[in-house]
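The values are calculated or read from the model by the stated rules, or taken from the named source; none is laboratory data. Here the structure is a predicted model, which means the values were calculated and not measured. Using ideal geometry, Cβ is built from the backbone for each residue, glycine included, and neighbour counts are taken over all protein chains shown.
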Amino acid sequence: MLSLISAVPSPPPREEWHFLQELRQAEQRCLRWQQDKGETLPDHLDLRGGLAVLREFPDPEGLLDTAYADLKRLLAIANLPEEGSVPCRFKQEETGVHESFRLQVDGNGITLSAGDTEGMRRCIYFLEEQLTAARGPALPFADLRREPWLRNRISRCFFGPIKRPPFNRDELLDEMDYYPDEYLNRLAHEGINGLWLTVVFRELAQTSFSKRDSLAEKRLEKLRRTVEQCRRYGIKTWLFSIEPKNLALNDPLLLANPEFGGAFAYDGNRCFCPSSEKARQYIYESVYDIFSQVPQLGGLINISHGERATTCLSTVASTDEHPIQCPRCSQIPKWQIHHHSTSAMIKGIKAANPDAELISWLYQPQPSTERGAWTYELARHLPEDVILQYNFESGACKKQLSRARLGGDYWLSYVGPSHSFSRVAEGVTTTQGELSAKIQVGCSHEVATVPFVPVPGLLFQKYHEMKKHGCQHVMQCWYFGNYPGVMNRAAGMLAFNDLTGTEENFLLELARPHWGEHAKVVAAAWHLFSEAYSEYPLSNDMQYYGPMHAGPVWPLHLKVELAPLAPTWKPDFPSSGDSIGECLENHTLEEALLLASRMQRKFDEGLLLLKDLRDAFASDQERLNDICVAEALGLQFRSARNILEFYLLRREFYFASDAKKVQLLEQMRSLVQAEIGNSGQMLLLCRQDSRLGFHSEAEAHQYCEGRLIWRQRVLQKLLDDDFTAFEQALAKGEPLPQSDFCQQTPTYKLNSGWNGDENTRWQIERLANNDLQVTLEGKEISCEHDFFFFNCVDATGSTFPCMITIKSDGNVRQLHPLAECCVKQTENGWTATILLPSLLWDRNPSIEPRFVYICRSVEMRDASKPKLRYDWPPHEEFPRARLNIYNYQGNYCGKLIG
Ligand SMILES: [Zn+2]
């Protein structure tokens, strides 16, 4: 089994990502015109004579050439004569805000009016949409006006490198074209007018403090090219950064300018302190230089707080209030640190390009409803022209199965806004600032292995709230959730919609151009998908480790291995193991299964409606692809449900009587067989659509043909080997076979006294009331960092692990609210006593802690002395850290007996 698992096939190389080819080709358009050729409808403009396209709109740079060419192409598809008899005029006329437009259709022809080129572009696309949605070659008389309430609608390239580990690829340094024309054409039609890409100031800029990097010219050259390519489609290029960057202690910039060094960052580097004139001059010059070197940039999106260490403000978490350890920043209100850095940035930007903008993003993902008061103060004190962006869903709170659940960021299934977004919005809008919402349009960390999740109804609700809260800009995605399709289209339409209509009408309007007379059925399917998706368990660990993304390639384990789950967005972890509890931060396994079952059931109802349309759209590849994506999601949700049920049954199995065991084993066998079938079905879909399984943040496929076949083999082997062995053992009344891990891991008998070495010892007692009491003792060693990590989990890894971090100064983290921890300094060291009340596992023996991993990590003040490290069971290294799961790993644990 192990050798098979280690042989997980690699995902397909970039040459086999067929969607790259598809994005270079024009979108296939199928008009669904039905009208009888001889018939003329009343109050309609008959188009059968063809359009006489009269380009009178001033466009000296030819920015609209791509839009006119696209309209011409549509007329050709519609078989309408070029240079026809129906006048189609393009007029410059005051229509309101930038990008606003007016479309008039009357007996004299069609008139498109706008005040600027981008308004005209939108109007041309709007006319195309009207033509596609029409029932025949005629348009109803109308006088329609549209204007966007979201000024910047910023997305990102689906396959652009993330400039982060493990690949660290930089799109500005390679030869690949990430913005082919037809891809941009689609995005532009979907209302997107900005795309972001990652930069680092020092890799581009030259200042009076620093020379230009040797690769800067190459980067700048490609950046200029990208800006020009995108502009032809009305799309601005936005830089994304986390600046000013923190400084290593030996950084020449810091050594030459000591006042750039502020508070110490968590990694030992110095935060960049913007609270001196000189530091602000450096920021100003960096930004000024980049925006001068690359004309026509749209602007800069900068994470000013929350991810990585930037300014001294980074040393305070969004939920904290504590003082800042910087001689300058400690003397001013916290909001002013943000003001210092962003005012220098906006000045630099505007001096180089008055049209460019700055979006300052507070990335505060904490799943808590409260924020430090300074966050709200910051929102009230923005420098002029700085747009503040906040995650729309950070700190999400929603009732699921009668209990409130909290989530961090990245929610499409939860509409929002969160409490913290509302408070930030209030601060910005009451002081006449500009507000941007960071959302996920196409899909999110909930399930990011499909190009998008077709739930436009949820987007409708979200945009409704965004408008109500005064949003004027939107960042539509992180790395994923941006593939062209129904969700992008919905977002684009919503940005130009006054949102006074109903969700139902919006869905119909959205469906009509692509699905024609079947629009109603499709809208009904989307509605069911939204209902299903709303049941997604609100828990970040379900997003980060759960089976919704790539369940069809998960192996299953009958024996208890406590092998870890893989982060869903990383390409370099082994496939997910059996520690299902790791994805259950907010829910019990039973609750997660119930929600997943509801999701699957409702989603399948919608899927039935869509699948029925296959024949009607047999020659429309784009719509067949849409059905294919929905089918893949159906399989993913089904797999996820099955996996959750499998591990719930496995837990029951280990605590059941022998007679019951036989029955449970049979139920598990059926689930494994169903999963072999699921992988097989997914395989067929993957052959049709290379987008399936691709995760933009992983820059790789998380499931693919090779892995699906591999998984089928692994599951078959599981049935042949382990299931058969279990059945035989049960029949003979013999002990069940155990995993190597369970056989070999050390055991500790409760109440058997101390365990440990000369510096560290511990013991665990079961008290009379069944509570567990853990005592940890550390001998004092001159040091600043002295930590105990106590991790435990139940016998089958079916609950979220309990992970407690205790510092010798009494600071305790990740303590469950029902647990207690008492830290005491003693004569020759310190002790920590943890009380785990049996209420924690509801006095249910099947979920009480049975595996523990204990470690102590001491870093000496004198760096020349070796670090002290103790762990039980002993391992060469601590487990590989995972987001939210820290240094817990089930198969590092020893077993508790007694
Ligand atoms: Zn400072």
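Does residue 692 fit the bill of being in contact with a helix residue (DSSP H, G or I) (Cβ under 6 Å, 6 or more places away or on another chain) and crowded, with 20+ Cβ neighbours inside 10 Å? Spelling it out, residue 692 is indeed in contact with a helix residue (DSSP H, G or I) (Cβ under 6 Å, 6 or more places away or on another chain) and crowded, with 20+ Cβ neighbours inside 10 Å.
From the list 640, 632, the one residue that fits, being within 23 Å of residue 589 (Cβ to Cβ), part of a helix (DSSP H, G or I) and within 25 Å of the chain's Cα centre (by Cα), is 640.
Between 174, 181, the distinction of being away from the ligand (no atom under 16 Å from the Cβ), without any contact (Cβ under 8 Å) to a residue 24 or more places away in the chain and of a type outside the set (Lys, Arg) belongs to 174 only. Looking only at region 40-80, residues that are farther than 21 Å from residue 186 by Cα and of a type in the set (Val, Ile, Thr) come to 2 in all. Of the residues 578, 612, the single one that is of a type in the set (Asp, Glu), in contact (Cβ under 8 Å) with a residue 12 or more places away in the chain and surrounded by 22 or more Cβ atoms within 10 Å (Cβ to Cβ) is 578. In the set (1) more than 18 Å from residue 323 (Cα to Cα); (2) touching a Lys or Arg at 6+ places or on another chain (Cβ under 9 Å); (3) surrounded by fewer than 21 Cβ atoms within 10 Å (Cβ to Cβ), residue 258 fails one condition alone, (2). For region 855-877, the tally of residues that are among the polar types (S, T, N, Q) and under 35 Å from the mean Cα position of the chain (by Cα) stands at 1.
Here region 297-328 is the region considered, the condition is being under 15 Å from residue 242 (Cβ atoms) and of a type in the set (A, V, I, L, M, F, W, C), and the residue that is farthest from the chain's Cα centre (by Cα) is 312.
Note on region 266-283: residues that are away from the ligand (no atom under 16 Å from the Cβ) and not charged (D, E, K, R) total 1. The one condition from (1) surrounded by fewer than 19 Cβ atoms within 10 Å (Cβ to Cβ); (2) more than 16 Å from the ligand (Cβ to nearest atom); (3) touching a residue at least 60 places away in the same chain (Cβ under 8 Å); (4) hydrophobic (A, V, I, L, M, F, W, C) that residue 248 does not meet is (3). The set of residues in region 152-193 being part of a loop (DSSP other than H, G, I, E, B) and closer than 20 Å to residue 452 by Cβ consists of 157, 158, 159, 160, 162, 178, 179, 180, 190, 191, 192, 193.
Among (1) surrounded by 19 or more Cβ atoms within 10 Å (Cβ to Cβ); (2) at pLDDT 95 or above; (3) not hydrophobic (A, V, I, L, M, F, W, C), where does residue 402 come up short? So residue 402 meets the others, but not (1). Being charged (D, E, K, R), touching a residue at least 12 places away in the same chain (Cβ under 8 Å), part of a helix (DSSP H, G or I) and touching a Leu at 6+ places or on another chain (Cβ under 6 Å) is a property that holds for residue 128. Do we find that residue 328 is out of contact with any strand residue (DSSP E or B) (no Cβ under 6 Å at 6 or more places or on another chain), of a type in the set (D, E, K, R), within 13 Å of the ligand (Cβ to nearest atom) and touching a residue at least 40 places away in the same chain (Cβ under 8 Å) in this structure? Judged against the criteria, residue 328 is a match. Against the numbered list (1) away from the ligand (no atom under 16 Å from the Cβ); (2) modelled with pLDDT of 95 or more; (3) not small (Gly, Ala, Ser), residue 370 comes up short only at (2). Among the residues making up region 86-122, a single one is more than 14 Å from residue 146 (Cα to Cα) and part of a helix (DSSP H, G or I): 117.
Pairing residues of region 299-318 that are farther than 19 Å from residue 883 by Cβ with residues that are within 16 Å of the ligand (Cβ to nearest atom) and charged (D, E, K, R), at Cβ distances under 8 Å and at least 6 apart in sequence or on separate chains, gives 302/243; 310/243; 310/245; 312/328; 313/334; 316/334. Please verify whether residue 816 is at pLDDT below 95 and closer than 27 Å to residue 654 by Cα, treating the condition exactly as stated. Yes; evaluated as a whole, the condition is true for this residue. In this structure, residue 335 does not qualify as more than 12 Å from the ligand (Cβ to nearest atom), within 26 Å of residue 394 (Cβ to Cβ) and in contact with a strand residue (DSSP E or B) (Cβ under 9 Å, 6 or more places away or on another chain). Taken over region 254-265, the residue count meeting the criterion of being out of contact with any Ser or Thr (no Cβ under 6 Å at 6 or more places or on another chain) and within 16 Å of the ligand (Cβ to nearest atom) is 8.
Candidates are the residues of region 284-312 that are away from the ligand (no atom under 13 Å from the Cβ) and aliphatic (A, V, I, L, M); the one that is surrounded by the fewest Cβ atoms within 10 Å (Cβ to Cβ) is 303.
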